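The values are calculated or read from the model by the stated rules, or taken from the named source; none is laboratory data. Keep in mind that what you see is a predicted model, and the values were worked out from it rather than measured. Every residue, glycine as well, gets a Cβ built from its backbone with ideal geometry; the counts of neighbours run over all protein chains shown. For the accessible areas, the whole protein counts, side chains as well, though only heavy atoms, and no ligand, DNA or RNA atoms are used. Shrake-Rupley method; radii C 1.70, N 1.55, O 1.52, S 1.80 Å.
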Amino acid sequence: MTIMHAIELNNVSVRYEFDVVLEDINLTVEEREIVSIVGPNGSGKSTLLKTIMGLKEPFAGTIAVFGMEPEKARRKGSFGYLSQQSNYDSVFPVHAFDVVAMSRYAQCRIVEKLSRKDRSIIETSLARVGMSELAHRSFGSLSGGQKQRVLIARALALEPKILILDEPATGLDVVSQDSFYELLRQLRDEANLTIIMVSHDIGAVSEIVDRLACINRKIHFHGKPSECAPDEMIAKVFGRNIHVVRHDTNCPTCRGE
Amino acid sequence: MSELFAMDFFRNAFFASILLGALFGILSFFVVTRKMAFLGAGIAHTAFGGVALGVFFGVNPFWTALIFCVISAIAITKLTRLGKLTPDAGIGIFFAFSMALGALLIKLKKAYTFDLQGYLFGNILAVTSCDLLITGAVLLFFLPFIALFIHRILFMTFDVEVAMSSGVRTEYLDTALFAFLAAIIVISMKIVGIILVSALVVLPASFGLVLTKNFRGVIAWGIIFTLCTMCGGLVLSFFMDTPPGATMVVLGTAAYGISLIVNALK
Ligand SMILES: Nc1ncnc2c1ncn2[C@@H]1O[C@H](COP(=O)(O)OP(=O)(O)OP(=O)(O)O)[C@@H](O)[C@H]1O
Ligand SMILES: [Mg+2]
């Protein structure tokens with residue numbers, strides 16, 4: 001028997017209309033791995049995440065998630081997804097709690113009812129992102145960063161096997177980012193989560209990720225961050241003339257100290 | 001008052017108001033939060049083509065309108081999901097096409113004189129027991145559908161991609177919701193007319209949204225609002241000797257306007 005990978009993509013190619021945006025992607029992610037996907041704007045990072053979850057059909061290649069078709073994995077609630085979308089309807093009449101509860105309802109079979117366990121999962125998820133106090137505020141009235149935290153809590157509340165995070169640090173302040181990365185590490189260690197996230201901040205994530213995948217239509221590098229010759233890599237993926245801001249989490253000015 | 005209820009036609013009209021009040025109070029929430037107000041009005045107009053088809057082929061126009069509208073509603077959403085068309089453009093095209101088709105067919109079938117007044121404002125005082133039965137039956141299916149799936153529909157409305165990735169069967173829910181939308185609109189068109197239908201898909205939830213920021217409250221207020229405007233408008237129209245449908249629209253819009261003003265003064 002072969003070892004079961006958390007995620008396995010074989011020769012996957014994806015297009016929108018006639019634009020091929022991902023070409024011949026081979027990628028495996030093991031259980032309990034934290035993988036960061038980096039690449040310039042429009043390089044296909046978000047598309048890759050959607051393809052893994054079966055939200056976007058590839059025109060070639062195969063995808064397996066714990067040996068299952070992505071659609072089946074979705075039904076079982078394997079993916080906790082934080083999308084990049086940020087244009088939420090600001091008057092949508094839900095509380096932060098209701099937003100997180102959506103994940104629990106999504107997995108109901110027929111009747112939608114929150115058990116005591118469901119409620120405690122929702123409360124724990126809110127607490128993990130420090131949003132317990134604002135649980136009964138209207139979602140639309142929260143700040144951008146607070147909304148992002150609630151949406152992260154919603155992804156956690158599904159109790160997924162795989163967390164798929166599209167630019168999760170967007171809107172989080174530096175201190176929150178640190179504790180967020182710490183939370184990810186903790187989730188991986190305690191709940192055996194596999195985590196894939198898109199990030200533009202290579203410096204910050206390199207401390208917690210096991211592997212980096214640099215993509216720009218194709219996968220240009222997939223391996224341990226320490227093995228990646230960073231400058232050469234960045235030049236190859238982003239082009240020589242693009243200046244990548246490297247963020248140092250130990251920088252006092254960034255922390256507002 | 002009691003002599004009003006002694007009359008069959010008034011009693012039927014009153015029951016119809018209650019049934020439609022419950023239907024639109026709930027439906028409106030999804031139409032407004034999904035920003036489909038235009039689809040609601042679009043379907044009501046599309047029904048015209050469906051009615052004309054029935055007249056042309058000599059079958060009961062109610063059923064042709066129902067089928068035609070359900071198919072159009074689903075077709076429009078499928079097309080917009082595929083990204084080929086923006087929703088308002090899609091609805092605009094369907095809407096114009098079926099109105100024109102209807103006009104064409106009715107002209108071709110020369111013998112038929114079309115009751116425009118009835119089409120615009122319906123005739124709630126001519127509601128038959130059969131109409132009530134059909135409306136009641138739809139409500140009987142719609143209520144359990146909403147009760148079972150409301151949170152998943154809410155999730156899908158809020159962000160469809162994450163709902164899908166979390167395991168919600170969005171394609172089925174979407175189709176079911178649109179089928180209900182079309183069915184409710186076609187049924188109520190005959191009773192209250194196209195103008196009131198267009199008002200009923202947007203006013204209840206808009207009113208609820210002025211009063212509260214939570215979906216449970218918005219739906220509850222929407223139902224209360226619709227019941228009050230429809231039953232109130234009916235009684236009022238009787239005493240003022242005005243057309244019931246038009247009275248309801250004016251009353252509902254006035255109530256919404258007052259809620260806005262009161263809210264602004266708070
Ligand atoms: N719905 C769509 N229809 C057509 N083309 C699309 C669609 N979504 C993305 N694309 C195209 O696919 C390519 C990859 O887009 P994608 O969103 O995956 O990039 P990304 O790496 O996530 O970029 P960013 O860093 O800006 O988020 C882009 O060229 C984009 O124009
Ligand atoms: Mg992206």
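When ligands, DNA and RNA are left out and all protein chains stay put, how many square angstrom of accessible area per residue does the protein assembly as shown have with a 1.4 Å probe? Mind dumping the intermediate values first?
Values: 23820 Å² over 523 residues.
On a per-residue basis, the protein assembly as shown sits at 46 Å².
Taking both sides together, the accessible area buried where A meets B is about 2700 Å² for a 1.4 Å probe.
Taking a ≥ b ≥ c as the square roots of the eigenvalues of the Cα gyration tensor, an a/c ratio of 1.5 or more together with a/b no larger than b/c marks chain B as oblate.
Sorting check: for B:170-179, B:233-242, A:11-20, A:42-51, which peptide has the highest mean count of neighbouring beta carbons within 10 Å, and how do the rest follow? Walk me through the numbers before you get to the answer.
Values: B:170-179: 17.4, B:233-242: 15.7, A:11-20: 13.2, A:42-51: 21.4.
Final packing ranking: A:42-51, B:170-179, B:233-242, A:11-20.
Here the label points at A:Ser143 and A:Glu123, each 7 Å from Cα along the C-beta direction, are separated by 2.7 nm in the simple model.
The simple Förster model, with R0 at 30 Å and r as the Cβ-Cβ distance, assigns B:Ala176 and B:Leu236 a FRET efficiency of 0.25. Summary value for chain A: 25 percent relative contact order, contacts being C-alpha pairs under 8 angstrom separated by 6+ residues.
Have a look at A:Glu112, A:Glu167, A:Glu33 and tell me which one the Gaussian network model of chain A (Cα, springs below 10 Å) gives the largest fluctuation. Result for chain A, Cα springs under 10 Å: A:Glu112 fluctuates most. Residue by residue, the stretch A:97-114 carries 3J(HN,Hα) couplings of 4, 4, 5, 5, 5, 3, 4, 5, 5, 4, 9, 5, 7, 10, 7, 8, 8, 8 Hz when phi is fed to the Karplus relation 6.51 cos²θ - 1.76 cosθ + 1.60 (θ = phi - 60°); x denotes Gly or Pro. Backbone geometry of the stretch A:185-197 corresponds, through the Karplus equation with coefficients 6.51, -1.76 and 1.60 at θ = phi - 60°, to 3J(HN,Hα) couplings of 4, 4, 4, 4, 5, 8, 10, 6, 6, 9, 10, 10, 9 Hz, x marking Gly and Pro.
For the stretch A:1-148, what is the convex hull volume of its Cα atoms per residue in Å³? If you can, show how the numbers build up before the last one.
Numbers: hull volume 24.5 nm³, N = 148.
Taking only Cα atoms, the stretch A:1-148 has a hull volume of 165 Å³ per residue.
When the solvent-accessible area of the stretch A:149-192 is split by element, carbon and sulfur atoms take up 45 percent of it, the probe being 1.4 Å. Using 0.36 nm per residue and subtracting the Cα-Cα separation, the extra length available between B:Arg81 and B:Ile258 on full extension is 60.0 nm.
Starting from the Cα gyration tensor of the stretch B:184-266, take the square roots of the eigenvalues, sort them a ≥ b ≥ c, and report rounded, prolate or oblate (rounded when a/c is under 1.5, otherwise prolate if a/b is larger than b/c, else oblate).
Values: a/c = 2.34, a/b = 1.45, b/c = 1.61.
Oblate shape, in that a/c is at least 1.5 and b/c is the bigger or equal ratio.
Go through B:Ala75, B:Leu211, B:Leu108 and say which Cα lies farthest out towards the positive end of the charge dipole of the stretch B:2-261; charges sit on Cβ, +1 for Lys and Arg, -1 for Asp and Glu. Looking along the dipole axis, the top candidate is B:Ala75. With the helix formula -39500 (n - 2.57) applied to DSSP H stretches of n ≥ 4, the protein assembly as shown reaches a computed 222 nm mean residue ellipticity of -19500 deg cm²/dmol. For the pair the stretch A:162-226 / the stretch B:1-55, the C-alpha centres are spaced 52 Å from each other. Per atom type, the stretch B:1-70 shows carbon and sulfur on 75% of its accessible surface, probed at 1.4 Å.
The modelled label-to-label distance between B:Ser129 and B:Leu211, using points 7 Å beyond Cα along the C-beta direction, is 3.5 nm.
When chain B is described by a simple charge dipole with +1 on each Lys and Arg Cβ and -1 on each Asp and Glu Cβ, the residue from B:Val235, B:Val138, B:Thr170 located farthest towards its positive end is B:Thr170. Here the spin labels are modelled as points 7 Å beyond Cα on the Cα-Cβ line, and at B:Lys110 and A:Glu17 they lie 4.9 nm apart. In order along the stretch A:124-132, the Karplus-derived 3J(HN,Hα) couplings, from 6.51 cos²θ - 1.76 cosθ + 1.60 at θ = phi - 60°, round to 4, 4, 5, 5, 4, 9, x, 10, 4 Hz, and Gly and Pro are given as x. Taking amide hydrogens as placed 1.01 Å from N in the peptide plane, the amide H of A:Leu165 sits under 5 Å from those of A:Leu82, A:Ile196, A:Met197, A:Val198, each at least 5 positions away in sequence or on another chain.
Of all complete DSSP H helices in chain B, those with a Cα span along the helix axis of 20 Å or greater and a mean Kyte-Doolittle hydropathy of 1.0 or more are B:8-33, B:37-57, B:61-81, B:87-108, B:129-158, B:170-200, B:215-240, B:244-265. Projection of the Cα convex hull of the protein assembly as shown, averaged over all directions and equal to a quarter of that hull's surface, yields 30.6 nm². Each Lys or Arg adds one and each Asp or Glu takes one away; over the other residues whose Cβ falls under 13 Å from the Cβ of A:Glu159, this sums to +4.
Loop-only chymotrypsin sites (Phe, Trp or Tyr not before Pro) in the stretch B:48-151, please: DSSP not H, G, I, E or B, and at most 16 other Cβ atoms within 10 Å. Display every interim value, and only then the final one.
On the way: sites: B:Phe48, B:Phe56, B:Phe57, B:Phe62, B:Trp63, B:Phe68, B:Phe94, B:Phe95, B:Phe97, B:Tyr112, B:Phe114, B:Tyr119, B:Phe121, B:Phe141, B:Phe142, B:Phe145, B:Phe149; in loops: B:Tyr112, B:Phe114.
Loop-located and lightly packed - B:Tyr112, B:Phe114.
Its relative contact order, with pairs defined as Cα atoms under 8 Å and 6+ residues apart, puts the stretch B:160-251 at 20 percent. Annotation: amide H of A:Val21 within the under-5 Å range of A:Val14, A:Arg15, A:Tyr16, sequence separation 5 or more or interchain, hydrogens built in the peptide plane.
Overall, the anisotropy analysis places chain A in the oblate class: the square-rooted eigenvalues a ≥ b ≥ c of its C-alpha gyration tensor yield a/c not less than 1.5, with a/b not exceeding b/c.
Work through the residues other than A:Val29 whose Cβ is under 11 Å from its Cβ and net out their charges, Lys, Arg +1 and Asp, Glu -1.
-3
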